[in-house]
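Each remark here refers to the structure printed beneath this line.
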Amino acid sequence: MREIFYQNKVLIPSKVVCIGRNYVEHIEELGNEVPENMVVFNKPNSAISGTLTNFDTHTRFEGEICFLIMGGQITGVGFGLDLTHADIQNKLKAKGLPWERAKAFDGSAVLSDFVPLEVPLESLEMKLYRNDTLVQFANYDLMMYKPSVMVEEIKNFMHLEDGDVIMSGTPKGVSTYSVGDVFHGQVFSAGELLVEQEWVVEEKKAYNEPKF
């Protein structure tokens, strides 16, 4: 089972719950429609990784503020990269099919360590640097669905186990990436750094694109 780290403790999430289309500018950048309801999809435990891999030339990075759930509530915060096989996702969307092949593959939830969340949720912001260039920025105010809303909406139809992670959606600035790229993700509270993680993109793994 894949692990995450919180206060020097090892936790095993049962799942990663992802919120899609949570930032208007990102919706516009991909040419999607603003959803009537919160978009939710899951990544399995096997998707969790501490390394960033270049799977293929179509794989896209999406930086996100991530929340750790304990006792049904947000307890910790971290940074994550939601990896997407963009070409496969486009094919699936065109056919009205589920996104799992494009979103839930092994290694697609790249997560930092988590730290206790002891600051107001309203103070949170994130930055993602690629090769020392700022490529993504987001804060609480830009979220369409706020963290407390995410938790309550998810709990309406799905139990959140201790150690589960919520990936809260990505702002504009997503792109494909290359072997050797250096990513540096940070989460702040009112300008004070809470958690950060650096990843260097590793060689791609063998991957056979499915046919539909």
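Against the conditions (1) modelled with pLDDT of 95 or more; (2) in contact with a Leu (Cβ under 8 Å, 6 or more places away or on another chain); (3) surrounded by fewer than 21 Cβ atoms within 10 Å (Cβ to Cβ); (4) not in a strand (DSSP E or B), where does residue 118 fall short? Just the number, please.
The one condition residue 118 does not meet is (2).
Could you check, for the range 76-93, whether at least one of its residues is crowded, with 21+ Cβ neighbours inside 10 Å and touching a Pro at 6+ places or on another chain (Cβ under 6 Å)?
Yes, some residue in the range 76-93 is crowded, with 21+ Cβ neighbours inside 10 Å and touching a Pro at 6+ places or on another chain (Cβ under 6 Å).
For residue 119, are the conditions met, namely being closer than 26 Å to residue 151 by Cα, more than 17 Å from the chain's Cα centre (by Cα) and of a type in the set (Val, Ile, Thr)?
Considered against the rule, which asks whether it is closer than 26 Å to residue 151 by Cα, more than 17 Å from the chain's Cα centre (by Cα) and of a type in the set (Val, Ile, Thr), residue 119 comes out as yes.
Mind counting the residues in the range 80-93 that are among the charged types (D, E, K, R) and without any contact (Cβ under 8 Å) to a residue 24 or more places away in the chain?
Residues that pass the stated criteria total 1.
Identify the residue in the range 17-35 that is in contact with a helix residue (DSSP H, G or I) (Cβ under 6 Å, 6 or more places away or on another chain) and part of a strand (DSSP E or B) and, among all such residues, is modelled with the highest pLDDT.
Only one residue tops the list, namely 17.
Confirm whether residue 77 is closer than 21 Å to residue 152 by Cα and in contact (Cβ under 8 Å) with a residue 24 or more places away in the chain.
yes
Under 6 Å by Cβ, and 6 or more places apart or on different chains, what pairs join a residue from the range 94-121 that is closer than 15 Å to residue 18 by Cβ with one that is in a loop (DSSP other than H, G, I, E, B)?
Matching pairs, first to second residue: 101/210; 108/83; 110/52.
When the residues of the range 2-16 are narrowed to those that are touching a Pro at 6+ places or on another chain (Cβ under 9 Å) and aliphatic (A, V, I, L, M), which ends up nearest to residue 40 (Cα to Cα)?
So, considering only residues that are touching a Pro at 6+ places or on another chain (Cβ under 9 Å) and aliphatic (A, V, I, L, M), the one nearest to residue 40 (Cα to Cα) is 16.
Go through the range 152-164 and give me each residue that's surrounded by fewer than 18 Cβ atoms within 10 Å (Cβ to Cβ) and part of a helix (DSSP H, G or I).
152, 153, 155
Test each condition in (1) in a strand (DSSP E or B); (2) in contact with a helix residue (DSSP H, G or I) (Cβ under 7 Å, 6 or more places away or on another chain) for residue 171 and report the one that comes out false.
(1)
Test residue 19 against the stated conditions and say whether it is more than 16 Å from residue 159 (Cα to Cα), of a type outside the set (D, E, K, R) and buried (at least 20 other Cβ atoms within 10 Å of the Cβ).
The answer is no for residue 19.
Taking only the range 36-74 into account, find how many residues are touching a residue at least 60 places away in the same chain (Cβ under 8 Å), part of a strand (DSSP E or B) and closer than 27 Å to residue 151 by Cβ.
Total meeting the criteria: 19.
The values are calculated or read from the model by the stated rules, or taken from the named source; none is laboratory data. Here the structure is a predicted model, which is why all the values come from computation and not from measurement. Note that each Cβ is placed from the backbone with ideal geometry, even for glycine, and that neighbours are counted across all protein chains shown.
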